[in-house]
Amino acid sequence: IVGGHDAADGKWPWQVGLWFCHPASSEWILWCGGSLIHPQWVLTAAHCIPGRNPETRDFKVQLGQVRRSHNDSVKVARIIQHPKYSLEQGPECGADVALLELEAPVQPSNLVRWIRLPPASSAFLPGTRCWVTGWGNTASEEPMPPKTLQEVIVPIVADEICLWQYLKIGKVIRDDMLCAGSWRRDSCQGDSGGPLVCKWRDTWVQVGVVSWGEGCGLPNFPGVYARVTSFLPWIRRHIRSSP
Ligand code: 4AZ
């Protein structure tokens, strides 16, 4: 997160940290963000799941803590990547969402709670002040991962403005993406998979999943997010069909 500050305990109770056992060093690293969208399901980015045959044992999920810690993390039982996500092309081709089923449902508390998905009909006007959270880099030039979860306000950017700005560097913003952020307020590497949340009629809803962007916090290049409303039927189908 660029331009943010430390989040207070319990302010973003759906935020999770996705830990990955790095094959080269076999060390656990805080690899990506994610969000609890149900007692037993986490939404994250498809590009946070490396490789063709990911193993559930290489992942674990940190809940209810703003500090980086995998001490009481939860195991992953199942990984479901969106079928339209392309491993070869990466997040710029869209469908950058994945679901993680946890081994057991979590108990809600002051520190752990799931976030609502937005109604299919919801729309957020350009300029709407939403929030993005994560443990990713706080600057693009000087990677400096923070100890505490960071939060920052990012305005929703009009689709046509974002499309035009990225077209100038030869990149296409697709219908299943949305843009948010401004100069010096953005998500960054390491925040991927984490939630972009907005208030909808007085309740928080998750509007985006941190996906990609040109640098971090640059003028004219807002952060690009997977648009949650584009994936509602896919998400609901998987969550419903679990035992
Ligand atoms: C990344 O590399 C990344 N500024 C994530 C988010 C953004 C840029 C890059 C958005 O994972």
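The values are calculated or read from the model by the stated rules, or taken from the named source; none is laboratory data. Note that the coordinates shown come from a computational prediction; the quantities given were computed from them, not determined experimentally. Reconstructed Cβ throughout: ideal geometry from the backbone, glycine too, with neighbour counts over all protein chains shown. Side chains are part of the model used for accessible areas, which takes the heavy atoms of the whole protein and leaves out ligands, DNA and RNA. Shrake-Rupley method; radii C 1.70, N 1.55, O 1.52, S 1.80 Å.
The table below lists the values:
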{"quantity": "Whichever residue in the range 214-243 is open to solvent by 30 Å² or more (accessible area, probe 1.4 Å), within 16 Å of the ligand (Cβ to nearest atom) and under 17 Å from the mean Cα position of the chain (by Cα) and, among such residues, is farthest from LEU167 (Cα to Cα)", "calculated": "ARG227"}
{"quantity": "In the range 126-155, the residues that are more than 15 Å from the chain's Cα centre (by Cα), over 11 Å from ILE1 (Cβ atoms) and in a strand (DSSP E or B)", "calculated": "ARG129, PRO155"}
{"quantity": "Counted residues, the range 183-206 - those being open to solvent by 10 Å² or more (accessible area, probe 1.4 Å) and more than 11 Å from the ligand (Cβ to nearest atom)", "calculated": "8"}
{"quantity": "Complete set of residues in the range 170-182 that are among the aliphatic types (A, V, I, L, M) and either open to solvent by 20 Å² or more (accessible area, probe 1.4 Å) or assigned to a loop (DSSP other than H, G, I, E, B) (or both)", "calculated": "VAL172, ILE173"}
{"quantity": "Output for the range 175-203, where each listed residue is among the acidic types (Asp, Glu) and in contact with a helix residue (DSSP H, G or I) (Cβ under 8 Å, 6 or more places away or on another chain)", "calculated": "ASP175, ASP176"}
{"quantity": "Number of the exception - ILE173 against (1) within 13 Å of the ligand (Cβ to nearest atom); (2) closer than 23 Å to GLY17 by Cα; (3) under 18 Å from the mean Cα position of the chain (by Cα)", "calculated": "(2)"}
{"quantity": "Test result for SER121, hydroxyl-bearing (Ser, Thr, Tyr), outside any strand (DSSP E or B) and within 18 Å of the chain's Cα centre (by Cα)", "calculated": "no"}
{"quantity": "Every pair of residues 6+ apart whose Cβ atoms lie under 9 Å, when the first sits in the range 220-243 and is under 16 Å from PRO195 (Cβ atoms) while the second is among the hydroxyl-bearing types (Ser, Thr, Tyr) and surrounded by fewer than 16 Cβ atoms within 10 Å (Cβ to Cβ)", "calculated": "THR229/SER121; THR229/SER122"}
{"quantity": "Boolean, ILE79 is farther than 17 Å from TRP14 by Cα and aliphatic (A, V, I, L, M)", "calculated": "yes"}
{"quantity": "Among residues of the range 123-155, those that are of a type in the set (Gly, Ala, Ser), modelled with pLDDT under 95 and either surrounded by fewer than 16 Cβ atoms within 10 Å (Cβ to Cβ) or within 15 Å of GLY33 (Cβ to Cβ) (or both), counted", "calculated": "2"}
{"quantity": "Which numbered condition GLU160 fails, given (1) of a type outside the set (A, V, I, L, M); (2) open to solvent by 10 Å² or more (accessible area, probe 1.4 Å); (3) closer than 19 Å to GLY17 by Cβ", "calculated": "(3)"}
{"quantity": "Test: TRP135 is of a type in the set (Phe, Trp, Tyr) and in contact with a Gly (Cβ under 7 Å, 6 or more places away or on another chain)", "calculated": "yes"}
{"quantity": "Any strands (runs of 3 or more DSSP E) falling wholly within the range 1-86 and containing at least 2 residues that are open to solvent by less than 40 Å² (accessible area, probe 1.4 Å) and within 21 Å of CYS188 (Cα to Cα)", "calculated": "15-21, 28-38, 41-44, 59-63"}
